[in-house]
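The values are calculated or read from the model by the stated rules, or taken from the named source; none is laboratory data. Quantities reported herein were computed from a predicted structural model and do not represent experimental measurements. For neighbour counting, all protein chains shown are included, and Cβ atoms are generated from backbone atoms with ideal geometry for every residue, glycine included. Surface accessibility is based on the protein's heavy atoms, side chains included, excluding ligands, DNA and RNA. Shrake-Rupley method; radii C 1.70, N 1.55, O 1.52, S 1.80 Å.
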Amino acid sequence: MKTAIVYYSMSGNTQYVAEKIAEKINADTIRIEPVKAYPDQGAKKFFLGGKSAMMGEKPKLHPYECNLEQYDRIIIGTPVWASTFAPPIRTFIHENRSIQDKKIAVFICFSGGGADKTIEKMKKYIGIEEFEAELILIDPKEHVKAEDETAIENFCINLEDD
């Protein structure tokens, strides 16, 4: 099964997990980036990023190469911003509504809270009942833990079962 991992990463945690999963299941990675970068430190990081997430904004993205027709499965990776998925992911989903016809899995990286809410909001936004697999990690790059490695491995095994 041909798989693409589509992700947005500000601090590197989501990228770290995307690369680990891609290596384990031989998937392509597609990093998406907004044209106008969000502040990555200080109060502006939380205020502007949180506002953008809460308002459901869809920032313009830098061009990315992604022919979704060639993939059977899409894995979406996102940080949690204000108990929802990052705005660049919202833009990607909006621009690629056909992903709802594919197998979809998700992984979430966060520091605070709201991961479960993020998963539910993403399901609703995509228009699906369930994800093929779900993975939630707390700062996996910043705080490397053996249990995170096990969780990533189990996530990949769950994808192999299909």
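Taking the average, over residues, of other Cβ atoms within 10 Å as the packing measure, peptides 68-80, 15-27, 118-130 rank 68-80, 15-27, 118-130 from highest down. Protection proxy ranking for 95-106, 138-149, using the average of other Cβ atoms within 10 Å per residue and placing the highest first: 95-106, 138-149. Per-residue ellipticity at 222 nm, computed for the chain from helices alone with -39500 (n - 2.57) per DSSP H run of at least four residues, works out to -12000 deg cm²/dmol. Beyond 28 Å in Cα-Cα separation lie the following of the pairs Lys24/Lys60; Lys20/Lys121; Lys36/Lys124; Lys2/Lys36: Lys24/Lys60; Lys2/Lys36. Thr150 exposes around 80 Å² of accessible area when a 1.4 Å probe is run over every protein chain in place. Shape class of the chain from the alpha-carbon gyration tensor: oblate, with a/c at 1.5 or above and b/c at least as large as a/b. Note on region 51-100: dipole from Cβ charges, positive end direction compared against Ile75, Asn96, Ala86; the farthest Cα belongs to Ala86. Rounded to the nearest 20 debye, the dipole size of region 80-120 about its Cα centre is 80 debye, using +1 on the Cβ of Lys and Arg and -1 on the Cβ of Asp and Glu. Placing +1 on each Lys and Arg Cβ and -1 on each Asp and Glu Cβ, with no other charges, gives the chain a dipole about its Cα centre of roughly 940 debye.
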